[in-house]
1. Of all residues being surrounded by fewer than 12 Cβ atoms within 10 Å (Cβ to Cβ) and touching a Pro at 6+ places or on another chain (Cβ under 9 Å) in the range 3-17, which is farthest from PRO88 (Cα to Cα)? Just the residue, please.
2. List the pairs whose first member sits in the range 31-59 and is of a type in the set (Ser, Thr, Tyr), whose second member is in a loop (DSSP other than H, G, I, E, B) and modelled with pLDDT of 90 or more, and whose Cβ atoms are under 8 Å apart, counting only residues at least 6 apart or on separate chains?
3. Is it fair to say THR50 is over 22 Å from the mean Cα position of the chain (by Cα) and β-branched (Val, Ile, Thr)?
4. Tell me yes or no: at least one residue of the range 18-35 is at pLDDT below 95, under 23 Å from the mean Cα position of the chain (by Cα), loosely packed, with under 10 Cβ neighbours inside 10 Å and in a loop (DSSP other than H, G, I, E, B).
5. Can you find, within the range 56-89, the residue that is nearest to PHE8 (Cα to Cα) among those that are of a type in the set (D, E, K, R) and surrounded by 13 or more Cβ atoms within 10 Å (Cβ to Cβ)?
6. Which of the residues that make up the range 36-54 are surrounded by 11 or more Cβ atoms within 10 Å (Cβ to Cβ) and either over 24 Å from VAL17 (Cα atoms) or not hydroxyl-bearing (Ser, Thr, Tyr) (or both)?
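The values are calculated or read from the model by the stated rules, or taken from the named source; none is laboratory data. Just so you know, these numbers come straight off a predicted model, no measurement behind them. Note: ideal-geometry Cβ built from the backbone for every residue, glycine included; neighbour counts use all protein chains shown.
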Amino acid sequence: MEFEGTVFRIMPATNGVSAKGPWERQEVIFDMKSQSQYPRRVAVTFFNKTDEVNRLHEGKLYVVSFDLESREYNGRWYTDVRAWRVQPKEEEVVVVPAAAPAAAAPQSTPMASGFAPMPTEEPAYAQSSSAQEVDDLPF
């Protein structure tokens with residue numbers, strides 16, 4: 001799953017050591033793009049991904065790919081949004097050519113629009129050679 005969001009806040013990292021070795025967990029709060037007037041914020045967990053978190057900047061737009069993960073502890077359920085990839089959102093750049101003076105404007109040609117002109121005559125293969133041609137089509 002993925003969403004687009006702007007980095008709202010980067011929280012401090014939490015470190016620890018488990019039976020498998022040292023670990024680091026850090027949360028980043030994103031403002032999700034939504035259709036409503038109220039911002040929706042999501043806390044995304046980065047587990048042992050310090051270099052990815054260091055590349056993030058508050059106020060920048062990113063595409064976040066994530067997995068949802070829930071676990072039980074003492075009869076209560078906790079859900080994490082775990083990021084596995086974060087990419088900067090490339091904003092679309094629209095290039096508008098500068099207006100050329102009327103005297104220097106190129107002359108309009110049939111191919112200028114990118115389409116060939118429509119023929120005004122019927123193609124030779126469509127013309128019948130005899131008026132009494134037999135139509136042998138089954139339909």
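1. Filtering the range 3-17 down to residues surrounded by fewer than 12 Cβ atoms within 10 Å (Cβ to Cβ) leaves 12, 14-17.
From what is left, the residues that are touching a Pro at 6+ places or on another chain (Cβ under 9 Å) are 15-16.
Details: ASN15: 26, GLY16: 29 Å.
By that ranking, first place goes to GLY16.
2. THR50/ALA13
3. On the way: over 22 Å from the mean Cα position of the chain (by Cα): yes; β-branched (Val, Ile, Thr): yes.
Judged against the criteria, THR50 is a match.
4. yes
5. Looking only at the range 56-89, we keep the residues that are of a type in the set (D, E, K, R), and these are 58, 60, 67, 69, 71-72, 76, 80, 82, 85, 89.
Those left that are additionally surrounded by 13 or more Cβ atoms within 10 Å (Cβ to Cβ): 80, 82, 89.
On the way: ASP80: 18, ARG82: 17, LYS89: 15 Å.
Per the criteria, the residue is LYS89.
6. If the condition is that a residue be surrounded by 11 or more Cβ atoms within 10 Å (Cβ to Cβ) and either over 24 Å from VAL17 (Cα atoms) or not hydroxyl-bearing (Ser, Thr, Tyr) (or both), then PRO39, ARG40, ARG41, VAL42, ALA43, VAL44, PHE46, PHE47, ASN48, LYS49, GLU52, VAL53 are the ones that fit.
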